[in-house]
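The values are calculated or read from the model by the stated rules, or taken from the named source; none is laboratory data. Since this is a predicted model, take the numbers as computed values, not measurements. Cβ placement follows ideal geometry from the backbone for every residue including glycine, while neighbour counts extend to all protein chains displayed.
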Amino acid sequence: MERVLVVGATGNIGVSAIIAALRSKREVLALVRNQAATEKLYRHVGTKTGITTVEADATSEEGVQSVVDRVRAGKLPSFQHVYEAGKNETSWNLLREKEKERQPDIWARKKCTHGSKRFSWGFASRLDGVRKQSSLTKEMSIVGVWNPKNPLYTVDLTSYRETMKINAESAFSAYRATIPYLLEQGNPHSTWTMVTGGAGRSGVAGVTAVSQGALFSLAAVASRELDKTNVRFNEAYLDYRVEYDANCDGEANAWKMKASDYAKVYEAILADEQVKGCRVTVESPKDLEKLRYQKKLAQLNTANSWGQ
Ligand SMILES: NC(=O)c1ccc[n+]([C@@H]2O[C@H](COP(=O)([O-])OP(=O)(O)OC[C@H]3O[C@@H](n4cnc5c(N)ncnc54)[C@H](OP(=O)(O)O)[C@@H]3O)[C@@H](O)[C@H]2O)c1
């Protein structure tokens, strides 16, 4: 049976990818940070069956490599697909929950719409208060770039590097660790899928947006260099809010997309061999009905100005 290695497995997107893999009759090797995260994963996926977990730090250079080394050594089961589900929202969620505890009225009242999504600008404007809580200072320095009152030119280099490391570098490390293994295995149906987000295009969310720009380019490079190989690379571009199903209950959450619904997209990517070197776009629930994709590189097979 085929298996998907899911990196960032315990988040909203990771859980969605696991649901998709299981529904498409594949097993999962889920990279998790710790035991608590594993329990969270099982709870949100709704089963343990078909899931092997392995602890590693996906944001370190050696994290995913150590998993691949153990697979090569036969200590972990082999995989034919990779889903890089991204990281970075945990600190946002942490702060949001903290802020909801502190200011429930403000959180409930101050909502506005922004494109197809809703943000609580009330939350953003209260972040200064959260910053004062020393245990959250580090997270604040990352998430603070979401605050419209905290422009990019005020972000310190340490925070910039931390966000780039978690969001962009870790995807590169996962790519570098797993692609040689998939090429060696030579399975003709291998895939590599990476989630990216709308912030990188809209120019909101400071360093997060900058890091997504790096991922867009990583996807372009990967589409080109894997084109003639056995690995079908795709970018899952998501410009809509996806959360664990349990977070989508009730009218107030009706604007969110359930992880189990977004799973249809990865199921379709796995099933359709035509989807190769593509950006698969989801901007609204309508995009779940029919896979919306286009080639990352329109002129992949014609010579470019670099002769490649
Ligand atoms: N959800 C969306 O609607 C959406 C939309 C567009 C783009 N995206 C992108 O998709 C990616 C994942 O989003 P998400 O909503 O799934 O995020 P999430 O629910 O917050 O999950 C983040 C994942 O990354 C892990 N993680 C966070 N910080 C880490 C760190 N410092 N070191 C190691 N692991 C860390 C978390 O592990 P733990 O469980 O152990 O904390 C979790 O597995 C992000 O890059 C986000 O920008 C998401």
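Go through the residues of region 184-191 one by one and say whether even a single one is in contact with a helix residue (DSSP H, G or I) (Cβ under 8 Å, 6 or more places away or on another chain), surrounded by fewer than 23 Cβ atoms within 10 Å (Cβ to Cβ) and either in contact (Cβ under 8 Å) with a residue 12 or more places away in the chain or farther than 15 Å from VAL275 by Cβ (or both).
No.
Looking at SER284, SER260, which one is in the same structural domain as THR178 (by TED's automatic domain parsing), within 15 Å of the ligand (Cβ to nearest atom) and in contact with an Asp or Glu (Cβ under 6 Å, 6 or more places away or on another chain)?
Working: SER284 fails: in contact with an Asp or Glu (Cβ under 6 Å, 6 or more places away or on another chain).
Just one listed residue meets the conditions, SER260.
Go through region 241-254 and count every residue that is in contact with a Phe, Trp or Tyr (Cβ under 9 Å, 6 or more places away or on another chain) and either at pLDDT below 95 or among the polar types (S, T, N, Q) (or both).
The number of residues fulfilling the criteria is 1.
Does region 24-35 contain any residue that is assigned to a helix (DSSP H, G or I), within 11 Å of the ligand (Cβ to nearest atom) and at pLDDT below 95?
Looking only at region 24-35, we keep the residues that are assigned to a helix (DSSP H, G or I), and these are 35.
Within this subset, residues satisfying the condition of being within 11 Å of the ligand (Cβ to nearest atom) are 35.
Restricting the remaining residues to those that are at pLDDT below 95 gives 35.
Looking through region 24-35, at least one residue is assigned to a helix (DSSP H, G or I), within 11 Å of the ligand (Cβ to nearest atom) and at pLDDT below 95.
Restricting to helices (runs of 4 or more DSSP H) lying wholly in region 172-288: which have 1 or more residues that are closer than 26 Å to GLU162 by Cα and of a type in the set (A, V, I, L, M, F, W, C)?
In region 172-288, 199-202, 206-225 are the helices (runs of 4 or more DSSP H) which contain 1 or more residues that are closer than 26 Å to GLU162 by Cα and of a type in the set (A, V, I, L, M, F, W, C).
Kindly indicate which of ARG126, ARG131 is touching an Asp or Glu at 6+ places or on another chain (Cβ under 7 Å), at pLDDT below 90 and more than 16 Å from the ligand (Cβ to nearest atom). Explain how you work it out, then say what you get.
Details: ARG131 fails: touching an Asp or Glu at 6+ places or on another chain (Cβ under 7 Å).
That would be ARG126, the only listed residue that is touching an Asp or Glu at 6+ places or on another chain (Cβ under 7 Å), at pLDDT below 90 and more than 16 Å from the ligand (Cβ to nearest atom).
Looking at region 253-268, is at least one residue closer than 23 Å to SER173 by Cα and among the β-branched types (Val, Ile, Thr)?
no
Residue by residue, here is whether (1) of a type in the set (Lys, Arg); (2) within 19 Å of the chain's Cα centre (by Cα); (3) more than 25 Å from GLN80 (Cβ to Cβ) holds:
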{"position": "LEU183", "(1), (2), (3)": "no, no, no"}
{"position": "THR196", "(1), (2), (3)": "no, yes, no"}
{"position": "SER202", "(1), (2), (3)": "no, yes, yes"}
{"position": "ALA214", "(1), (2), (3)": "no, yes, yes"}
{"position": "GLU225", "(1), (2), (3)": "no, no, no"}
{"position": "TYR244", "(1), (2), (3)": "no, yes, yes"}
{"position": "ASN247", "(1), (2), (3)": "no, yes, yes"}
{"position": "GLU251", "(1), (2), (3)": "no, no, yes"}
{"position": "LYS258", "(1), (2), (3)": "yes, yes, yes"}
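Among (1) surrounded by 10 or more Cβ atoms within 10 Å (Cβ to Cβ); (2) at pLDDT 95 or above, which single condition is LYS286 missing?
Only one criterion is unmet by LYS286, namely (1).
For residues that are modelled with pLDDT of 95 or more and either more than 10 Å from the ligand (Cβ to nearest atom) or surrounded by fewer than 22 Cβ atoms within 10 Å (Cβ to Cβ) (or both), tally how many sit in region 162-181.
Result for region 162-181: 10.
Can you pull out the residues in region 220-240 that are closer than 20 Å to ALA199 by Cα, buried (at least 19 other Cβ atoms within 10 Å of the Cβ) and not hydroxyl-bearing (Ser, Thr, Tyr)?
ASN234, GLU235, ALA236, LEU238, ASP239
Where the second residue is more than 6 Å from the ligand (Cβ to nearest atom) and assigned to a strand (DSSP E or B) and the first is within 16 Å of ARG43 (Cβ to Cβ) and among the hydroxyl-bearing types (Ser, Thr, Tyr) and lies in region 7-20, which pairs have Cβ atoms under 6 Å and are six or more apart or on separate chains?
The qualifying pairs are THR10/VAL32.
Restricting to region 58-81, and then to whatever is part of a helix (DSSP H, G or I), among the aliphatic types (A, V, I, L, M) and within 16 Å of the ligand (Cβ to nearest atom), can you tell me which residue is farthest from the chain's Cα centre (by Cα)?
VAL67
Please work out if THR53 is within 16 Å of the ligand (Cβ to nearest atom) and either at negative phi or in a loop (DSSP other than H, G, I, E, B) (or both).
yes
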